[in-house]
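Comments concern the structure below.
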Amino acid sequence: MSTSELHVQRLAHALGAEVAGIDLSRPLDADVVKEIRDLFHEHQVLFFRDQHIDDVAHRDFAVHFGPLQRFAFLSPVSESVPEVHAIDIDPTKPKTANSDIWHSDATFLARPPLGSMLRAVILPDVGGDTLWASMYAAYDALSSRMQRLLDGMTAVHDSSNSVSHARNAVNADFQPTSHPVVRTHPVTGRKALFVNKIFTTRIEGLTDRENDALLPMLTDHVRSPDFQVRFRWEPGSIALWDNRCTQHYAVADYASRRRMHRVVIDGDEPV
């Protein structure tokens with residue numbers, strides 16, 4: 001296919017676009033891959049509909065964006081495709097995950113994931129939407145005085161702060177790590193707020209009282225609807241997002257099983 005066949009519909013001012021005119025079950029030309037990468041960097045999260053692909057095609061598309069992780073906290077759906085794991089939630093059973101809190105994935109790593117690709121497999125009859133928020137927009141909305149205060153600050157990210165991560169024995173291998181409070185995206189050069197409610201435990205160099213005031217303000221700041229896009233899943237829906245400049249929130253408003261398959265794209269550089 002040629003790039004002229006792609007149709008892109010922007011979904012919100014801050015981020016998000018739906019891409020049509022593409023079949024992800026088939027190999028893609030290099031120019032199409034380049035255009036999708038460019039759209040990815042421009043819109044931060046891309047959505048594809050009516051993509052009834054298997055785990056192999058899922059993996060093979062995601063690898064265009066970088067090396068893939070074998071996710072440490074969930075088992076692969078099969079040993080033949082170890083890069084794909086399931087997020088399978090039955091709301092009739094005890095809760096085991098923190099997905100309904102605004103967060104970026106695995107920021108406790110020295111090289112947090114570049115991004116993720118999530119595919120709907122089993123959906124509830126009603127509910128189960130996912131929201132994304134632009135951390136570019138969150139940073140830009142801060143006053144210039146607050147931006148100057150935050151630039152150069154670092155914060156501690158700790159996997160043990162997450163119930164679902166701390167429960168896993170492999171968690172013992174991950175030590176708390178520090179990242180800039182304001183991250184500069186390695187491709188776009190734009191500044192993004194890089195703290196989140198699940199993994200960020202404190203801003204370094206502040207007293208406890210200062211930290212207790214500033215960090216909650218920043219993690220709550222990202223909840224503004226002005227920074228967000230909301231996606232309603234359908235059979236065959238896929239979302240591909242940039243973990244370096246977004247946060248996401250899975251709405252837990254459903255009463256039946258929700259199973260998604262995910263591939264995590266490895267971090268491109270230490271933050």
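Of all the criteria given as (1) closer than 30 Å to Ala213 by Cα; (2) touching a residue at least 60 places away in the same chain (Cβ under 8 Å); (3) of a type in the set (Ser, Thr, Tyr); (4) outside any loop (DSSP other than H, G, I, E, B), the one not satisfied by Ser116 is (1).
Working only within segment 1-17, note down all residues that are surrounded by 14 or more Cβ atoms within 10 Å (Cβ to Cβ) and either within 12 Å of Leu46 (Cβ to Cβ) or at pLDDT 95 or above (or both). Result: Leu6, Val8, Leu11, Ala12, Ala14, Leu15, Gly16, Ala17. The C-beta contact set for segment 23-43 (first residue touching a residue at least 60 places away in the same chain (Cβ under 8 Å), second residue among the β-branched types (Val, Ile, Thr), distance under 6 angstrom, 6+ apart or interchain) comprises Leu24/Ile53; His41/Val187; His41/Thr188. The single residue among Arg244, Arg257 that is surrounded by fewer than 23 Cβ atoms within 10 Å (Cβ to Cβ) and modelled with pLDDT of 95 or more turns out to be Arg257. Does Glu79 count as buried (at least 16 other Cβ atoms within 10 Å of the Cβ), of a type in the set (Asp, Glu) and more than 15 Å from the chain's Cα centre (by Cα)? In short, no.
Scanning segment 249-268 for residues that are under 22 Å from Asp50 (Cα atoms) and not in a loop (DSSP other than H, G, I, E, B) turns up Ala250, Arg258, Arg259, Met260, His261, Arg262, Val263, Val264. In segment 173-182, is there at least one residue being modelled with pLDDT of 95 or more, farther than 29 Å from His43 by Cβ and of a type in the set (Ser, Thr, Tyr)? Scanning segment 173-182 turns up at least one residue that is modelled with pLDDT of 95 or more, farther than 29 Å from His43 by Cβ and of a type in the set (Ser, Thr, Tyr).
The residues listed here are Leu46, Leu15; of these, the one that is assigned to a loop (DSSP other than H, G, I, E, B) and within 22 Å of Gly267 (Cα to Cα) is Leu15.
The listed residues are Ala86, Ala62, Ala138, Ala120, and the only one of them that is among the hydrophobic types (A, V, I, L, M, F, W, C) and within 21 Å of Glu204 (Cα to Cα) turns out to be Ala138. Taking segment 57-109 as the range and being in contact with a Phe, Trp or Tyr (Cβ under 6 Å, 6 or more places away or on another chain) and either aromatic (Phe, Trp, Tyr) or assigned to a strand (DSSP E or B) (or both) as the test, the residues that pass are His85, Trp102, Phe108.
Counting only residues that are in a helix (DSSP H, G or I) and either in contact with a strand residue (DSSP E or B) (Cβ under 6 Å, 6 or more places away or on another chain) or charged (D, E, K, R) (or both), which one in segment 141-160 is farthest from Ile203 (Cα to Cα)? Applying the filter and picking the extreme gives Arg145.
Residue-wise test of (1) in contact with a Ser or Thr (Cβ under 8 Å, 6 or more places away or on another chain); (2) assigned to a strand (DSSP E or B).
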site: Gln175; (1), (2): no, no
site: Gly189; (1), (2): no, no
site: Val195; (1), (2): yes, no
site: Asn211; (1), (2): no, no
site: Leu215; (1), (2): yes, no
site: Thr219; (1), (2): yes, no
site: Trp241; (1), (2): yes, yes
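Could you look through segment 18-43, keep only residues that are among the acidic types (Asp, Glu) and in a loop (DSSP other than H, G, I, E, B), and pick out the one that is surrounded by the fewest Cβ atoms within 10 Å (Cβ to Cβ)? The selected residue is Asp29.
The values are calculated or read from the model by the stated rules, or taken from the named source; none is laboratory data. Values in this document were obtained by computation on a predicted structure and should not be read as measured data. Using ideal geometry, Cβ is built from the backbone for each residue, glycine included, and neighbour counts are taken over all protein chains shown.
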